[in-house]
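The values are calculated or read from the model by the stated rules, or taken from the named source; none is laboratory data. These figures come from a predicted structure and were not determined experimentally. Cβ coordinates were reconstructed from backbone atoms using ideal geometry, including for glycine residues, and neighbour counts include every protein chain displayed.
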Amino acid sequence: MKRKDFIAWNAALLGGLVLPLKGRTAASPEEIGQAAAAGNEDALWEVVRDQFLLDPEWTFLNFGGLGACPLPVLNSLIEWNQVEERAPSAGHDEKLWNGVKERLAKLLGKSCRMEDLALIGGATEGVNTIVNGLPLKKGDEVITSTHEHVAVNSALLNRRYKDGIVIRLFEPDMASGPGNVGRIAKLINGRTRLIFISHVTCSTGQRFPEKEIADLARARGIWFALDGAQAPVNVPFDIVDCGVDFYTCSTHKWVMGPKRTGFLYVRQGLLDTLRPQILGGGSSERQDIWKQELILYPTAQRYEYGTQNDALFYAMGKAVDFVRAIGVERIWARGRSMAERFYEGLKYIPGVERLSPEEEAYRSCMIGFRMKTHDYTVVNDHLAKDKIRVRGVTEGKLNSIRVSFFLNNRMEDVTKILESLKKLAG
Ligand SMILES: Cc1ncc(COP(=O)(O)O)c(C=O)c1O
């Protein structure tokens, strides 16, 4: 899109075109910020809740599965699609694109640089870039856990078939967070090249002790990658401080961006270690087929390629603004208070086995459990009959249920799901 088209259209939109989404208008980051600053928690969360189109008939406890976009994000998406359909134009506005990265970098920590971020389609894409882009060869070993998402498992298995890497597995320690560092350390040997695990697992919402694992990896000269699909906004952290080499996330879950948005972070100094896997327009500063020369961008932009759906990413920037207007710590405190009440309540339901870590410090806003008396599909169906949306978990062969508590929820949602489970338990 040409910059002048953008300015003309944006002016028109700002000039009063308010899109009717269920007759409601989106709150601006300033309005959200004012509600957050006013200090009335209940009032803030009602304003926030009103920003979602989520079906009021249902209790939505599945942001870990797929998030919902708040109205400012949806409006931005619609507006930008209109702008783009008016004057289709390949390429994107660098200033706007980089502005999204700048705001995202601020969300990810005080010293995160936009140059270290690539805007991509989601964690699956990022995971595959990391697994395939590192110079691994036959016999090189990768350590991962048994609780990983299919995205990590498939990418590793594919590299195993293709190049003969060796995958070493550890069972997550649910009793002790630091116990996981010990389990990883036991698998390290002279052939270990990479540790690739979730930051927060999709199976039980377990947070691994990222800094300690990063220290271990650094001391042994091993790359450390985190699949952060479930982490940003679910848990507070600083991406640079945590010492990770490579990090990827889908921003259509807890970050509340449009579907098929995400990012890849590559620690400063590692760009030439991680070879991009898909290249095209936008990946390189210069390419010359006659001279047989390819000069990649000296930033993480080298992992971006081809025509982009920029409307998605401009709207993702709005999601970042929405989160920052409230504050990650505050969202975390809200989600955790409900998750903890749920975790505690599960203790009193006959037949329930709690699967999230025993130490509170390693629990997130997602809680996992199963019922010894009922298959997880029965539990899932039962909750659905009560119009409660959760997710069944087959990862790690857990056959369990995962419940996400987030800024759209109220304490009464915790009571509702506990009551429903009590009914099932008899
Ligand atoms: C831990 C984890 N990794 C990777 C993914 C894949 O994300 P996507 O399908 O958005 O690429 C998910 C999705 O649920 C996930 O939970």
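If the condition is being under 13 Å from the mean Cα position of the chain (by Cα) and either within 16 Å of the ligand (Cβ to nearest atom) or buried (at least 24 other Cβ atoms within 10 Å of the Cβ) (or both), then the range 208-238 contributes LEU226, ASP227, GLY228, ALA229, GLN230, ALA231, PRO232, VAL233, ASN234, VAL235, PHE237. Of everything listed in (1) under 30 Å from ARG191 (Cβ atoms); (2) within 16 Å of the ligand (Cβ to nearest atom); (3) buried (at least 21 other Cβ atoms within 10 Å of the Cβ), the single unmet condition for ALA300 is (2).
Take the residues of the range 124-142 that are small (Gly, Ala, Ser) and more than 16 Å from the ligand (Cβ to nearest atom): which is nearest to ALA300 (Cα to Cα)?
Of everything passing the filter in the range 124-142, GLY133 is nearest to ALA300 (Cα to Cα).
Okay, residues lined up against (1) within 12 Å of the ligand (Cβ to nearest atom); (2) under 21 Å from TYR247 (Cβ atoms); (3) of a type in the set (S, T, N, Q); (4) under 18 Å from the mean Cα position of the chain (by Cα):
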residue	(1), (2), (3), (4)
GLY122	yes, yes, no, yes
VAL150	yes, yes, no, yes
ARG159	no, yes, no, no
MET174	no, no, no, no
SER198	yes, yes, yes, yes
GLN206	yes, yes, yes, yes
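Taking the listed residues GLU115, GLU57, GLU85, the one that is touching a residue at least 60 places away in the same chain (Cβ under 8 Å), surrounded by fewer than 19 Cβ atoms within 10 Å (Cβ to Cβ) and not assigned by TED's automatic domain parsing to the domain that holds ARG275 is GLU57, with no other qualifying. Yes or no: GLU125 part of a helix (DSSP H, G or I) and at pLDDT 95 or above? Judged against the criteria, GLU125 is a match.
Taking first residues from the range 136-162 that are under 23 Å from SER250 (Cα atoms) and outside the structural domain of THR394 (by TED's automatic domain parsing) and partners that are of a type in the set (Asp, Glu) and part of a helix (DSSP H, G or I), the Cβ contacts under 8 Å between residues at least 6 apart in sequence or on separate chains come to HIS147/GLU395; GLU148/GLU395; HIS149/GLU395; VAL150/GLU395. Count of the range 257-289 residues, restricted to those that are small (Gly, Ala, Ser) and without any contact (Cβ under 8 Å) to a residue 12 or more places away in the chain, is 1.
Among the residues of the range 319-328, is there at least one that is modelled with pLDDT of 95 or more, farther than 30 Å from VAL73 by Cα and not charged (D, E, K, R)?
no
The condition of being among the basic types (Lys, Arg), outside any loop (DSSP other than H, G, I, E, B) and closer than 22 Å to LEU216 by Cα holds for only one of LYS186, LYS162, that being LYS186. Residues that are touching a residue at least 24 places away in the same chain (Cβ under 8 Å) and within 22 Å of the chain's Cα centre (by Cα): does the range 368-378 have at least one? There is at least one residue in the range 368-378 that is touching a residue at least 24 places away in the same chain (Cβ under 8 Å) and within 22 Å of the chain's Cα centre (by Cα).
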